[in-house]
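Notes to accompany the following structure.
Nothing in this text is a laboratory measurement; each read-out follows from the coordinates by a stated rule. What you are looking at is a predicted structure, and each value in this text was computed from that prediction instead of being measured. Please note: Cβ atoms are built from the backbone with ideal geometry, for glycine as well, and neighbour counts cover all protein chains shown.
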Amino acid sequence: MLIRFQPLLALAVVALPVLAAPARAEGGAAAPPPPGPTAVRVVGADGTPQTLPPAPPQSDVQRYCANIADPALDARNALQLRKLGEAEAQVSAKIDELERKRAEVQSWLAERKGFLDSTSDTMLAIYAAMKPDAAAAQLAGLDREVAASLVARLKSRQASAILTEMPANVAAELGALIVSKTDRTASSGPQPDQSL
């Protein structure tokens, strides 16, 4: 409907300044007319003025498409905004999940460090210098967590010699304790989601 009245509207905009008589100033001089619509001047690449070809008349289909372009664009923008919001929510959920995983790993690292640091370097040096059979007898009598911490900090050759000299059930307990305290996958159970 608006397309039919566009030529009349353009004519009214151009004719309005002409029809409105300029008021005469007290000195009798006419006020300058307001500036009319300015024409667009097109300059070519070589600097010479060029004229634009006249716009071809629009068909009914073109006018219809021109009239619904803005609502269609608004609908597309609304759809894109909704999808963007959904993607943002998914990213937020993944970030929260990663933060939980990071906190879990940090707490495990602190627990592991506390386990390994629970023995003094002096005690470690004493057990490292002992013969494996004597060290095994001494470690078998200690608290299992302390003994496991000491064995974990020994060199692997010394630790294996000491564990060989221990009773099998004590060596198995110490081995299981060492694995549970130093291996994150063993201490936290099966990992449900490895996609991160």
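Key figures for this structure:
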read-out	value
Residue check, Leu116 farther than 30 Å from Ala172 by Cβ and touching a residue at least 60 places away in the same chain (Cβ under 8 Å)	no
Test: residue in segment 100-115 that is surrounded by 11 or more Cβ atoms within 10 Å (Cβ to Cβ), out of contact with any Leu (no Cβ under 9 Å at 6 or more places or on another chain) and not in a helix (DSSP H, G or I)	no
Positions within segment 130-171 being part of a helix (DSSP H, G or I) and among the charged types (D, E, K, R), in sequence order	Asp133, Arg144, Glu145, Arg153, Arg157, Glu165
